[in-house]
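The structure appears right after this line, and notes come after that.
Just so it is clear, none of the values below were taken in a lab; they were calculated from the coordinates. Fair warning: this is a prediction, and the values are worked out from it, not measured in the lab. Please note: Cβ atoms are built from the backbone with ideal geometry, for glycine as well, and neighbour counts cover all protein chains shown.
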């Protein structure tokens, strides 16, 4: 009698399940899809960083207090624009003293030249000896050399006085100004950092096997996730370059992808990715996003076995484009996956009902 009661309960449960999901026992009616690789999505991402092809740190060559500061972080500057100036009063006075010494040396040279001309005339008339003429010539040459030395010294002083004014070497954007007005600058200290926003690139370290797959570089894509528009986030590089030396520790190669000139919002230091074609053997299968089952901390798919029965299998997911998601582990290309997870769950419950 107890056996009959238990059998009746199981029969009633099966009937209720059949009513809740008509046709659940027919595996052929379950919507499925064959897991396969998506050629247009078969790419691998490598983390990188945005770099400037031209980035300059303007440093002090002389010591002096900052007396003029014309830029701040974020300013756009033109080539040759005055960025800042140090106190150059002592240098200007040295330059003025050098100019005065040059004038004095030239005056002495003129006197020596005239004296030498007179001595030559007297020597021609035999009023002085040859020794006196030689002394006059030596004095003239000494005055001439002294004037040249003073002129060179004055030039060096004027050149040094130019070290107190700092101008932009090219048109760019100021990214750092680590000094303030009145602060003392010493030789070698960084004063202004600027970069050229028209020439940026993404640099990443990639395995040597991945470099082989890029071919001529046309399939490489550069992504900057922080940019606003989708068209700006994913860029086709203007040029792809692989540095000819591998890292000794990681055995990776540095790949550089030049961005299109003037990319709005891009700046050095931003996080970026380089998407490279994945080898066919390494490409993971993709399935519809709706087929994914999430239960607590478990992520899975209903995969049909050899008997066409859906079985829940735990998987590890990767990238997603909204409609499809990449399966990194737990699924092989060619396996059939149920696209309706709820229907597959009901079918599994039906097939596992005790008899």
Tally of residues being more than 30 Å from residue 96 (Cβ to Cβ) and part of a helix (DSSP H, G or I) across region 108-154: 18
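From the list 331, 274, 301, which one is under 23 Å from residue 224 (Cβ atoms) and buried (at least 20 other Cβ atoms within 10 Å of the Cβ)? Outline the logic, then answer.
Details: 331 fails: under 23 Å from residue 224 (Cβ atoms); 301 fails: under 23 Å from residue 224 (Cβ atoms).
Selected residue: 274, the only one of 331, 274, 301 that is under 23 Å from residue 224 (Cβ atoms) and buried (at least 20 other Cβ atoms within 10 Å of the Cβ).
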Some residue of region 56-66 being touching a helix residue (DSSP H, G or I) at 6+ places or on another chain (Cβ under 8 Å) and part of a helix (DSSP H, G or I): no
